[in-house]
Amino acid sequence: MIMITGASSGLGAALAFEYAKDNAHLFLTGRNTRRLQQIATQLTSHQAVHTYTADLSHYEDIAQLFDALPCMPTCLIHCAGSGLFGPIETQDPTQIKQLIDDNVTACIYVIQEAIKRFKDKPMTLAIVMSSAANTAKTNESTYCAVKWAIKGFLNALKLELKTSPIKIVAVYPGGMNTDFWSTSGTHLNTSAFMEASEAASMLKQALLSTEKGYISEISIDRG
């Protein structure tokens with residue numbers, strides 16, 4: 001079973017459609033119930049699809065989310081997150097806190113719960129960050145900060161899980177042509193950006209592993 005967070009839009013939704021091509025058993029979660037159900041409705045003719053609405057920054061939602069799993073996922077792809085852009089002096093403190101909750105707190109909670117339950121199981125944890133986790137960018141100071149925080153978290157986690165069969169995969173996609181930008185308060189011409197479906201196809205291929213090896217860091221750059 002493939003578990004995808006942030007599956008109601010963007011890359012998460014695109015991954016759901018991509019894995020549906022293989023009739024994969026899917027468990028999709030997101031905060032927007034209506035959009036999540038719309039995605040699931042388009043997929044149900046292909047394979048088993050389960051959905052669960054949750055705010056991953058609320059710790060009480062996490063255990064309930066994992067309790068709802070019909071079986072252990074072989075791969076958990078964490079796509080959930082949000083953006084905030086602009087000069088630091090213009091960013092609202094409430095929005096900054098929300099950014100941290102959406103990108104840092106939620107990710108840590110999800111990965112923590114997965115490891116609590118499946119530490120001794122062969123499972124892939126793929127965490128989608130951004131190219132902003134590798135390169136500082138103008139007017140993206142707080143966004144870079146939360147992505148760099150997760151990169152550090154994953155690097156330390158790999159050391160903790162050295163004897164575990166869990167595979168940690170860090171994913172760094174470049175800009176995609178999705179509604180991420182408008183919901184983050186940024187108005188960009190994204191027509192030259194890659195489509196989420198393109199990134200999903202590349203990521204799915206890169207997540208393939210063998211008995212003795214896997215790709216631990218994946219950068220998906222714009223052409």
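The values are calculated or read from the model by the stated rules, or taken from the named source; none is laboratory data. This is a predicted model, so every value here is computed, not measured. All Cβ positions, even for glycine, are placed from backbone atoms using ideal geometry, and neighbour counts span all protein chains on display. These accessible areas exclude ligands, DNA and RNA; they are computed on the full protein's heavy atoms, side chains included. Shrake-Rupley method; radii C 1.70, N 1.55, O 1.52, S 1.80 Å.
A few points about this structure:
- Residue check, GLN64 modelled with pLDDT of 95 or more, among the polar types (S, T, N, Q) and more than 16 Å from the chain's Cα centre (by Cα): yes
- Any hit, the stretch 134-156, residues being surrounded by 17 or more Cβ atoms within 10 Å (Cβ to Cβ), touching a residue at least 12 places away in the same chain (Cβ under 8 Å), within 28 Å of ASP67 (Cα to Cα) and hydroxyl-bearing (Ser, Thr, Tyr): no
- In the stretch 206-223, the residues that are within 16 Å of the chain's Cα centre (by Cα) and either of a type outside the set (S, T, N, Q) or under 27 Å from LYS121 (Cβ atoms) (or both): ALA206, LEU207, SER216, GLU217, ILE218, ILE220
- Of all residues making up the stretch 157-185, the number that are in contact (Cβ under 8 Å) with a residue 12 or more places away in the chain, part of a helix (DSSP H, G or I), closer than 25 Å to ALA13 by Cβ and more than 14 Å from the chain's Cα centre (by Cα): 2
- Among the residues listed as ALA106, ALA20, ALA14, ALA7, the single one being without any contact (Cβ under 8 Å) to a residue 40 or more places away in the chain, open to solvent by less than 20 Å² (accessible area, probe 1.4 Å) and not polar (S, T, N, Q): ALA20
- Residue pairs whose Cβ atoms lie under 8 Å apart, separated by 6 or more positions or on different chains, with the first residue in the stretch 78-89 and over 25 Å from LEU28 (Cα atoms) and the second acidic (Asp, Glu) and open to solvent by less than 20 Å² (accessible area, probe 1.4 Å), do not occur.
- Of the residues making up the stretch 99-147, those that are basic (Lys, Arg) and outside any helix (DSSP H, G or I) number 3.
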